[in-house]
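Undergrad: Sharing a structure, written as structure tokens. Questions coming.
The numbers here are math on the coordinates, done by the rules we state, and not lab data. Everything numeric in this text was worked out from a predicted model, so none of it was measured. Using ideal geometry, Cβ is built from the backbone for each residue, glycine included, and neighbour counts are taken over all protein chains shown.
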Amino acid sequence: MADATETPTKKLWDGRFTEATDAFVEAFTASVGFDQQMALQDIKGSIAHATMLQSADILSESELELILGGLDEIQQEIIENRFEWSVSLEDVHMNIESALTEKIGVVGKTLHTGRSRNDQVATDIRLYLRDQIDKISDLLTRLQQGILSLAENESETIMPGFTHLQVAQPVTFGHHLMAWYEMIERDYSRLLDCRKRVNVLPLGAAALAGTTYPINREMTAELLSFDSVARNSLDAVSDRDFAAEALFIMAMIGIHLSKIGEEFVLWSSTEFDWVEIDDAYATGSSIMPQKKNDDVAELARGKSGRFIGNLTALLVVLKAMPFAYNRDLQEDKEPIFDSVDQLLLLLPAITGMVETAKFKQANISKGAAAGYSLATEIADFLSKTGVPFSVAHEVAGECVKFCEENKIDLAQMSDQQLVAMHPNLTPAVKKFLTVTGAVSSRTSAMGTSKDSVLAAINKLNQDISGVDKAITSLRKQFSGMINP
Ligand code: ARG
């Protein structure tokens, strides 16, 4: 890219100016260093706009042909990294338009008819976000598929379930993994919902007040696959709610991945020893040869800071900004680009780590009966014999105290010891004082038994094949823009 001290370039807006912009002001106000990431969306928007202008008889057929030819050449140059970006041309929009005029002469300047950079930039950022939402949804589905097949394998593995990170009740590991699935499913549905508000065409608002040209916004919307057109021109150029929403969703995904990352960190510690992270997803220490660090999991935790920071940055830009367009809005892009770029790296890394990790089932199950995790079974058993639950709870607590004092497990209490605690505490309770007994009796639809978990997985396997179909059709729609 050219630097800020180059010879002043002719700008789109300098008709009323007699002096050149100060070089530092140019460097300070320029956005081309980052908004060139939306170059392909900018060209796509311009192609649709020019096509509409021609069909509304605002441009002639030969003018349109010249414009499309020029834009095509520019697109190739950008894709092949041959395009020369210039800071003094401020942003992606002016860089492309100036290159077009250089190529095809004054006709290049007719492209901006009935349009302003204010509605143009709003269009570009929407097109960009729509593309990214589709990629992220796709990656979320891939992670969910990985979780589903892991949960299927682990539907019978017993693990200690925790509250307050203390052993609470035994659960199946499959059930725990399906809790991950549910978090990601909410993120997926939030993205789909947000996409509706992203997919609205702002073009036609021009600078803020609309345009005097007989433009056809519905046609532009259709050419760009927007679902609808904005209704108010002032709102159209100042609205970035959709971007804040997308940043919130990315922050929420970041938080979910951070929680998964934290569990990996705990589980792979020597103290837990539940999982061995694959070499491909771990790193070593430069000084301690024995170490295998789960940096992917730790970075998943660490990255959530910037996802939340990016959301906060945009919300503060928007707060108290007067209508309509203000240059403050240029600050929307870097937070958006950063969250997107980070998430597009983080999601495949986490998915790979989850899919390749080796879980040590014996170790996972080992602690399931620790910490008197079966005490609830005694309370449930008693209350089913007609004892009020709070009385049953107290008796179970006394059993725990007795076992603690005598250094035995609940299951090791003799028939006499049990009945001494409460007359209804017959030997029949012993059947429930095993982790498998406790887990397999929790057969309610959202419960932890193998059958409940497998039923949930089967249902979701069907749903996800529906999601796969939707993604395939989206991919066709935006072919070339979605990574394979
Ligand atoms: N680079 C600007 C942005 O990102 C484009 C719009 C500029 N419009 C203006 N009136 N200066 O917001």
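Undergrad: Tell me, how many Å apart are the Cα centres for the range 22-70 and for the range 337-362?
TA: Result: 37 Å between the Cα centres.
Undergrad: Let me ask another. How long is the gain from PHE323 to SER55 if the chain were fully straight, where each residue apart is worth 0.36 nm and the alpha carbon distance is subtracted?
TA: Here the segment from PHE323 to SER55 would lengthen by 93.3 nm.
Undergrad: Calculate the FRET efficiency for LYS430 and SER149 from the Cβ-Cβ distance with a Förster distance of 30 Å, rounded to the nearest 0.05. Write down the numbers at each step before the final one.
TA: On the way: r = 36 Å, r/R0 = 1.20.
For LYS430 and SER149, the calculated efficiency is 0.25.
Undergrad: What are the ³J(HN,Hα) values, in whole Hz, obtained from phi via the Karplus relation 6.51 cos²θ - 1.76 cosθ + 1.60 with θ = phi - 60°, for each residue of the range 217-234 in sequence order, with x given for Gly and Pro?
TA: Working through the residues one at a time gives 5, 4, 5, 4, 4, 5, 4, 9, 6, 7, 6, 7, 10, 5, 9, 10, 5, 5 Hz.
Undergrad: Using the Karplus curve 6.51 cos²θ - 1.76 cosθ + 1.60 with θ = phi - 60°, what ³J(HN,Hα) values do you get for each residue of the range 115-130, in whole Hz, with x for Gly and Pro?
TA: In residue order, the calculated couplings are 9, 10, 5, 5, 7, 5, 5, 5, 5, 4, 5, 5, 4, 4, 5, 4 Hz.
Undergrad: Among 230-236, 378-384, 101-107, how do they line up by average Cβ neighbours within 10 Å per residue, starting with the highest?
TA: Working: 230-236: 17.0, 378-384: 19.9, 101-107: 14.9.
By packing density, highest mean first, the sequence is 378-384, 230-236, 101-107.
Undergrad: At a threshold of 8 angstrom on Cα-Cα distance, excluding pairs fewer than six apart, so keeping six or more, what relative contact order does the range 206-318 reach in percent? Intermediate results must be reported in sequence, preceding the final value.
TA: Values: 90 pairs, mean separation 30.5, N = 113.
Taking the mean separation of contacting Cα pairs over the length of the range 206-318, I get 27 percent.
Undergrad: May I ask you to derive the relative contact order of the range 401-457, considering only C-alpha pairs under 8 Å and at least 6 residues apart, and to give it as an integer percent? Before the final figure, lay out each step's value.
TA: On the way: 35 pairs, mean separation 9.7, N = 57.
After rounding, I find 17 percent.
Undergrad: What is the Rg over Rh value, at two decimals, for the chain, using alpha-carbon atoms and the Kirkwood definition of Rh? Could the numbers behind the result be given before it?
TA: On the way: Rg = 30.3 Å, Rh = 26.6 Å.
Taking Rg over the Kirkwood Rh, I get 1.14.
Undergrad: To continue, here is another question. With angles folded into 0 to 90 degrees, how steeply does helix 295-318 sit against the dominant principal axis of the chain? Use alpha carbons for both and round to 10.
TA: Here the helix axis deviates by roughly 50 degrees.
Undergrad: For TYR372, TYR325, what ranking results if the residue with the fewest other Cβ atoms within 10 Å of its Cβ goes first? It would help to have the intermediate numbers written out before the result.
TA: Details: TYR372 18, TYR325 21.
Going from sparsest to densest Cβ surroundings: TYR372, TYR325.
Undergrad: Along the Cα-to-C-beta direction of THR113, a point sits 7 Å from the Cα; which residues of the range 65-89 have their amide N less than 20 Å from that point?
TA: So the set is 65-72.
Undergrad: Ok, one more. Highest first, please rank the peptides 76-83, 268-275 by the mean number of other Cβ atoms sitting within 10 Å of their residues.
TA: Descending packing order for the listed peptides: 268-275, 76-83.
Undergrad: Starting from the Cα-Cα distance between GLU404 and SER444, subtract it from 0.36 nm times their residue separation and give me the gain in nm to one decimal.
TA: Working: separation 40, 0.36 × 40 = 14.40 nm, distance 3.15 nm.
Taking GLU404 through SER444 to full extension adds about 11.2 nm, to one decimal.
Undergrad: Set the Förster distance to 25 Å, then compute FRET efficiency between THR312 and SER269 from the Cβ-Cβ distance, nearest 0.05.
TA: On the way: r = 32 Å, r/R0 = 1.28.
With a Förster radius of 25 Å, E is 0.20.
Undergrad: Percent relative contact order of the chain, based on C-alpha pairs within less than 8 angstrom and at least six residues apart? Walk me through the numbers before you get to the answer.
TA: Values: 647 pairs, mean separation 79.4, N = 484.
Once divided by the residue count of the chain, the mean separation gives 16 percent.
Undergrad: With axes computed from alpha carbons, what is the tilt in degrees of helix 61-79 against the longest principal axis of the chain, rounded to the nearest 10 within 0 to 90?
TA: Around 50 degrees separate the two axes.
Undergrad: Hey, rough spin-label estimate for LEU165 and VAL391, points 7 angstrom out along Cα→Cβ, what's it come to in nanometres?
TA: 4.0 nm
Undergrad: Now for a different question. How large is ³J(HN,Hα), in whole Hz, for each residue of the range 164-170 in order, when computed from phi with the Karplus curve 6.51 cos²θ - 1.76 cosθ + 1.60 and θ = phi - 60°, using x for Gly and Pro?
TA: Each residue of the range 164-170 in turn: 6, 6, 10, 4, 10, 9, x Hz.
Undergrad: Going by average Cβ density within 10 Å per residue, which order do the peptides 124-131, 395-402 take, highest to lowest? Kindly include the intermediate steps, with their values, before the conclusion.
TA: Numbers: 124-131: 23.9, 395-402: 17.2.
With the highest mean Cβ count within 10 Å placed first, the list reads 124-131, 395-402.
Undergrad: Additional query: Please name whichever of LEU315, GLY45, THR211 sits farthest to the positive end of the charge dipole of the chain, dipole taken about the Cα centre and charges placed at Cβ: Lys and Arg +1, Asp and Glu -1.
TA: Sorting the options by dipole projection puts first LEU315.
Undergrad: Would you mind pulling out the separation of the Cα centroids of the range 249-273 and the range 166-233, in Å?
TA: Cα centroid to Cα centroid, the span is 27 Å.
Undergrad: Report the net charge of residues surrounding GLU263, where surrounding means a beta-carbon distance below 11 angstrom and charges are Lys +1, Arg +1, Asp -1, Glu -1. All intermediate terms of the calculation are to be shown ahead of the outcome.
TA: Numbers: positive: LYS259, ARG301; negative: GLU262, ASP294.
Local net charge: 0.
Undergrad: Quick check: residue separation of ALA179 and SER286 times 0.36 nm, minus the Cα distance between them. What number comes out in nm? Mind showing how you got there, number by number?
TA: On the way: separation 107, 0.36 × 107 = 38.52 nm, distance 3.62 nm.
Length gained, ALA179 through SER286: 34.9 nm.
Undergrad: Can you give the angle from 0 to 90° between the axis of helix 92-104 and the longest principal axis of the chain, with both taken from C-alpha atoms, to the nearest 10?
TA: Here the helix axis deviates by roughly 40 degrees.
Undergrad: Also, quick follow-up: If the viscosity is 1.002 mPa s and the temperature 20 °C, what translational diffusion coefficient in µm²/s does Stokes-Einstein give for the range 130-289 when Rh comes from Kirkwood over Cα pairs?
TA: On the way: Rh = 19.5 Å.
Estimated diffusion coefficient is 110 µm²/s.
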